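**Student:** Mind looking over this structure? Questions follow.
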Amino acid sequence: MAIFYIQQLMTSFIASVAFGVIFNAPRKALPQCGFAGMVGWLLYILLQDMSVQPVTAIVVAAFCVTMISHFFAKKYKTPIIVFSVSGIIPLVPGGVAYNALRHVVENQFDQAVQLGARAFVFSGAIALGLLLAEVTNQVIRKWSIIRR
């Protein structure tokens, strides 16, 4: 079981860093990009192992990735998009979308619609997690300004 988690951590880190390279992220930000993606993916698979619904797990993982991205953006004075886009990549439902299109080509439209809807819902869950993190960050900022 530990080997499974180590493999998942390594591959999600590499995927996030590789997308950071493709996205032209600064070299000094690549480890942080990988860390954000790794934490998000680890949280997602841990929640899946605890029998949490996949959509809920994606929302929570995307929220955490974005909060980590906010932290790194402030600490390293880099735009948040560098960390959040690279960190979200492991959560993107590319395999589900691929299978939906494969079923369309094979004229299995009932399965294609189900998988397409699933990919759409997962994408919406990612967007919701990003949105919730942005709102939370704005509330924290306003609260810290008021507190001063």
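**Student:** If I filter region 110-148 down to residues being basic (Lys, Arg), part of a helix (DSSP H, G or I) and exposed (fewer than 11 other Cβ atoms within 10 Å of the Cβ), which single residue comes out as farthest from the chain's Cα centre (by Cα)?
**Tutor:** Checking each candidate, the answer is Arg147.
**Student:** Among the numbered criteria (1) modelled with pLDDT under 95; (2) more than 15 Å from the chain's Cα centre (by Cα), which single criterion is violated by Gly94?
**Tutor:** (2)
The values are calculated or read from the model by the stated rules, or taken from the named source; none is laboratory data. Nothing here was measured: the structure is a model prediction, and the numbers come from that model. FYI the Cβ positions are ideal-geometry reconstructions off the backbone, even for glycines, and counts take in every protein chain you see.
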